[in-house]
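What follows is a set of notes on a single structure, which appears directly below.
The values are calculated or read from the model by the stated rules, or taken from the named source; none is laboratory data. Bear in mind the structure is a predicted one, so any value in this text is a computation, not a measurement. Please note: Cβ atoms are built from the backbone with ideal geometry, for glycine as well, and neighbour counts cover all protein chains shown.
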C-alpha cells in the first residue's frame, strides 16, 4: 500500500487537507487519457491504470463524461468506485462497503421513482424549467445557464456529495485495519432510516396522485384508496396526510438528511467538522432552499388552500404548535392533473 496514489498523512487533520489530499493528484487528469490509450482493451493493463490513479482523480474524470440523465446513479457510481478501488488496492474497510450498499439502495429507489414518473421519457423536462426559461427570456443566457449548471455544477456537486468516501479511503490506508464501532453503526443506520422515510414519503405522494388523477378523469375514487381519501381530499389537489401532515416536503427532508449524515460521519471520524468535503452538502442545502421556494410559489398559485397548509405545516421541520389540516372545509374545483406536487417525489437529488 506504500506505493498507492494516496497522500502520506500523519494526522487526522491532514486527512481532510485539500492541499495534501486533492491538489497533488489533479495533474493525473492530464495523463489519464494517454494511459488509458496505451492500456487498450487489456483488462490487466486497465486495472493497473485504475489502481495507479488517485481514486478522486478518476472519479473527477468520470464526472466530466457521464451525462445528466444519470443523475440518480452518479453518487452511487462514485461511492461504489471508492469502495472498489480500495478493495483492488488491498484496503479493506467495512465503512466503504456499507456506504456502497446504502448508495445502491438509494439509487434503486430514486431511479425507479423517477422512471415511473416518466422522467426517462424522450422529451421529458422538469416543469419548473418552463418557468425559469420564461423568466430568463433569453435563449442564449438560458443555454449558458443550462450548460453551466446542469453539465458542470450539478455533476461536480454530485461528486462532492460522495467525497467523504474518499476521505474514508485515506483513513483506512493510513490507520491500518479498521474497527467498525458503535458510532459507525449509528451513522449508517441513521442514513438507512432516512432512506426509509424517503421511500414512504414518495409512495404516499404517488398513491395520492394516482387516486386524484383517477378521480378527476372518472369521478370515482379507485378501490384501493377509498379508505384513504375522500372526494374533499382529492379535490383539494395536494396531499396533506401521512408524513405530509408533519412536513410539506418530507422526501426533501430525508434526502438532505442522508447526505448531511454522511458528511457528519466523515467529520466525526476525522474530528474535523469544517472541511472541503462539506461543499457538497452546502451546495445541496442551497439548491433545495431555492427549488423548494420556486415549487411552492407555483403550487400556491394553483391551489387556494395551499397557503393554509403552509401556515399549519412546516416546510421541512414539523410545527408542533399547529395541527396539520387533513380535510378540506368544502369541495373546490381540483387543479389540472399535471400539478406540481405530483412530481415532487422525482425531485430529490436532481433538485433543479
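At a glance:
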read-out: Hits in the stretch 269-281 (condition: more than 19 Å from residue 187 (Cβ to Cβ) and outside any loop (DSSP other than H, G, I, E, B)); value: 279
read-out: Candidate set from the stretch 296-323 (those that are without any contact (Cβ under 8 Å) to a residue 24 or more places away in the chain and surrounded by 14 or more Cβ atoms within 10 Å (Cβ to Cβ)); member that is farthest from the chain's Cα centre (by Cα); value: 308
read-out: Check on residue 72, at pLDDT 85 or above and part of a helix (DSSP H, G or I); value: no
read-out: Lone qualifier among 80, 49, 34 - being assigned to a helix (DSSP H, G or I) and closer than 22 Å to residue 189 by Cβ; value: 80
read-out: Condition broken by residue 101, with the remaining ones in (1) modelled with pLDDT of 95 or more; (2) in contact with a helix residue (DSSP H, G or I) (Cβ under 7 Å, 6 or more places away or on another chain); (3) closer than 22 Å to residue 196 by Cβ satisfied; value: (2)
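Yes/no per residue for (1) crowded, with 17+ Cβ neighbours inside 10 Å; (2) within 18 Å of the chain's Cα centre (by Cα); (3) at pLDDT 50 or above:
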| position | (1), (2), (3) |
| --- | --- |
| 261 | yes, yes, yes |
| 271 | no, no, yes |
| 275 | yes, no, yes |
| 284 | yes, yes, yes |
| 294 | no, no, yes |
| 329 | no, no, no |
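Table: residues versus (1) within 12 Å of residue 174 (Cβ to Cβ); (2) touching a helix residue (DSSP H, G or I) at 6+ places or on another chain (Cβ under 7 Å); (3) surrounded by fewer than 11 Cβ atoms within 10 Å (Cβ to Cβ).
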| residue | (1), (2), (3) |
| --- | --- |
| 14 | yes, yes, no |
| 17 | no, no, no |
| 21 | yes, yes, no |
| 35 | no, yes, no |
